[in-house]
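Q: The structure is given below, and queries will be raised subsequently.
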Amino acid sequence: MMLHIPGVLTPEEVAQFRQRLNDTSWIDGRTSVGPQGAQVKRNRQLPEGSPLAIELGHIIVSKLKSHPLFFSAVLPLRILPPFFNNYEGGEHYGLHIDGAIRTPLGGAYSMRSDVSSTLFLSAPDEYEGGELVVVDSYGTHEVKLPAGDLIVYPSSSVHKVEPVTSGVRVCSFMWTQSMVRDDWKRSMLFELDQNIQQLRADYGDNQAIVGLTGHYHNLLRQWADV
């Protein structure tokens, strides 16, 4: 399941993030990938664990944990501290798949990467190229969202970032371990939850909606790993 989540950051918050990021130093993005990824990755990142990455990452994680659409779609158990990247001058990231297990700096714990997320911090008209391209069983999807919007997709998907031919593309990206490991189960729960919420908004609570809510929680109880 791919899902566009609008307005994770407000325009004012995006502007504050960009101002802070414009005044920082970037390092080679290949420092955070293995040998295979290093062959196709050409971009720059904030150093993992830098004070600015930690500060801005905390804001993003706090926003996501309280965002009802993100929670319904992802069912987060752990969110790895977000990274920040910068593409310009033809920089790109070729086809790759995200590692299954992620360990933050310091190695306090390891987590399974179930869901990948990209938060766009540059507006589409600020750069040419730079589309996130996700390949799954339903085809190839190009993503280029407004600043402040988030795309979530299964970490098992093959994906790439097209070369940025002009301007600058700045994003944050992160991985989440879901309470529900399988993407198809998360998709079913998300669709059921969204339909329950729509029925409740249209008709209020009644016996049928309470029953459907019970089915949702019983499925979650059966499938969740916490």
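The values are calculated or read from the model by the stated rules, or taken from the named source; none is laboratory data. These numbers come from a predicted model, not from an experiment. Cβ: placed from backbone, ideal geometry, glycine included. Neighbour counts: every protein chain shown. These area figures cover heavy atoms from the full protein model, side chains too; ligands, DNA and RNA do not enter into them. Shrake-Rupley method; radii C 1.70, N 1.55, O 1.52, S 1.80 Å.
Q: Can we say Ala73 is part of a loop (DSSP other than H, G, I, E, B), in contact (Cβ under 8 Å) with a residue 24 or more places away in the chain, touching a helix residue (DSSP H, G or I) at 6+ places or on another chain (Cβ under 8 Å) and surrounded by 18 or more Cβ atoms within 10 Å (Cβ to Cβ)?
A: Answer is no for this residue.
Q: Leu121: in contact with a His (Cβ under 7 Å, 6 or more places away or on another chain) and either buried (at least 18 other Cβ atoms within 10 Å of the Cβ) or on the phi > 0 side of the Ramachandran plot (or both), yes or no?
A: It is false that Leu121 is in contact with a His (Cβ under 7 Å, 6 or more places away or on another chain) and either buried (at least 18 other Cβ atoms within 10 Å of the Cβ) or on the phi > 0 side of the Ramachandran plot (or both).
Q: Please give the number of the condition Glu142 fails out of (1) acidic (Asp, Glu); (2) out of contact with any helix residue (DSSP H, G or I) (no Cβ under 9 Å at 6 or more places or on another chain); (3) more than 26 Å from Thr10 (Cα to Cα); (4) surrounded by fewer than 17 Cβ atoms within 10 Å (Cβ to Cβ).
A: So the condition that Glu142 fails would be (3).
Q: Kindly provide the set of residues from the range 177-208 that are outside any helix (DSSP H, G or I) and either open to solvent by 60 Å² or more (accessible area, probe 1.4 Å) or touching a strand residue (DSSP E or B) at 6+ places or on another chain (Cβ under 7 Å) (or both), ordered by number.
A: Gln177, Ser178, Met179, Arg181, Asp205, Asn206
Q: Moving to a separate point now. Is it the case, given these coordinates, that Glu162 is charged (D, E, K, R) and either touching a Pro at 6+ places or on another chain (Cβ under 8 Å) or surrounded by fewer than 16 Cβ atoms within 10 Å (Cβ to Cβ) (or both)?
A: Here the answer is no, as Glu162 does not meet what is asked.
Q: Further question: Looking at (1) surrounded by fewer than 21 Cβ atoms within 10 Å (Cβ to Cβ); (2) small (Gly, Ala, Ser); (3) part of a loop (DSSP other than H, G, I, E, B), find the lone condition where Gly94 falls short.
A: Answer for Gly94: the failing condition is (3).
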